[in-house]
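The structure under discussion appears below in the form of structure tokens.
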Amino acid sequence: MQENFSLKPYNTFGVEAKARYFTEINTIDELKEALIFSKARSLQLLFLGGGSNILLTKDFDGLAIRLNLKGISEESINENEVLVTAKAGENWHEFVMYCLQKNFGGLENLSLIPGNVGTSPMQNIGAYGTEIKDIFVSCKVLDLENLELTTFNLEQCRFGYRDSIFKQEGKGRYVILEVTFKLTKKDHSIKTEYGAIKSELENLGIKTPTIQDISKAVINIRQSKLPDPKEIGNAGSFFKNPTIPLIQFEDLKQKFENIQGYPNGDMVKVPAGWLIEQCGWKGKQIGNVASHKLQSLVIINATGNATGKEIFDFSTEIINSVKEKFGIELEREVNII
Ligand code: EPU
């Protein structure tokens, strides 16, 4: 147990914030011990995975617990399917690469997403035509109300776009300890619908892609426009893509003929990056914070010296200007602490 501990290395924005107490746990027993410690002192809890989806806006007056549970196991179902279980502290991308080396298909479109396996169900991580709900089977969690272990299946997780029960009524109640995915061993379903994947495969001269080729294409696309958190502090997309009623979209289309939208029933999903760019934010810097020059949905710690509060205020300015120009209220995807 450490006191007054800097969380700077544990959040991908790289902002300074101190936790009153900090501990790293490697086993469920260690986790339970940490919980007893916090209960005895009535401390608030903050669980840290890869730190890739949080913005620390102030010091944390409680116990921050970094989940370092490691291990990957497999169980064959039949000739074509395998269940793969990874513990929460496994790095997401290394887990994807491990599966690709074994030629297990299903995770390739999710290559190079920062963060750990344990946080992937929280916001149903997704990219390039796949979300984890597509291959998710279950996750084992510790219920903080009674310290019992329980399992959530696909339906119980109530996955939505960047959403799950763990962000809604289960918020703060469950600690995800491991996640099980169902992957394919040979009859892989290759997902190339996402426009950028198609053109990247063409660039690479690949006509019949393998799952490894898809991963390569996704890595190339991400590296070409998303900043590497190891070099520039960021947490990926800062906002969700908003979904608006078709009527509102058609109205906007009259005024802004280039507006893009992906219809879904009587709603339309609009790319937040486009809205933000149209408000003049792309590449714009205020003090230590900027909107990334190649993807305006990503807010960066441009100088490395930004505070969480500065980043938060910058995001509020973006929300206000998008609201004023388009009448659309952007919602933050990143968890604000
Ligand atoms: N766009 C702009 N200007 C910008 C950025 C984007 O006009 O500055 C336009 C693009 O031209 C494109 C559209 O917006 O037509 C969508 O852009 P992109 O393909 O880059 O995807 P996105 O909707 O901005 C989402 C996810 C990403 C994920 C990509 C690929 C959300 C909030 N973000 O971004 O996820 O990698 O799709 O599937 O849904 C993350 O969550 O951290 C993340 C990076």
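A short reminder: the numbers here are calculations on the coordinates, not readings from a lab. Just so it is clear, the model here is predicted, and its values are computed rather than measured. Positions of Cβ are backbone-derived with ideal geometry, glycine not excepted, and every protein chain shown enters the neighbour counts.
Tabulated data for the structure shown
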read-out	value
GluC sites (Glu not before Pro) within the range 140-186: DSSP coil, no more than 10 neighbouring Cβ in 10 Å	E145, E169
Where only C-alpha atoms are counted, convex hull volume of the range 179-243 per residue in Å³	164 Å³
The range 72-225, dipole about Cα centre (Lys/Arg Cβ +1, Asp/Glu Cβ -1), debye to the nearest 20	420 debye
Whole-number Å³ per residue for the convex hull built on Cα positions in the range 233-336	90 Å³
Along principal axes, Cα extents of the range 1-47, largest first, whole Å	29, 22, 14
Lys, Arg +1 and Asp, Glu -1 on Cβ, resulting dipole of the chain about Cα centre, debye, nearest 20	520 debye
Binned Cα-Cα distance frequencies in the range 71-196 - 10 Å width, integer %	13, 46, 32, 8, 1
Exposure proxy ranking, count of Cβ atoms within 10 Å, fewest first, for F166, F13	F166, F13
Inverse of mean 1/r across different Cα pairs in the chain, Kirkwood, Å	21.2 Å
Potential extension, N258-S189 segment - 0.36 nm per residue separation minus Cα distance	21.5 nm
Proximal charge balance of L294 [Cβ under 9 Å; K/R count +1, D/E count -1]	+3
Per residue convex hull volume, Cα atoms of the range 1-112, in Å³	110 Å³
Value of [θ]222 nm, deg cm²/dmol, for the chain, DSSP H segments ≥ 4, -39500 (n - 2.57) each, nearest 500	-8000 deg cm²/dmol
Equivalent ellipsoid semi-axes - Cα gyration tensor, the range 283-334, angstrom	19, 12, 9
Which of V137, S120, N109, positive extreme of dipole for the range 109-178 (C-beta unit charges)	N109
Among beta bridges that DSSP assigns inside the range 2-67, antiparallel share in %, nearest 5	25 percent
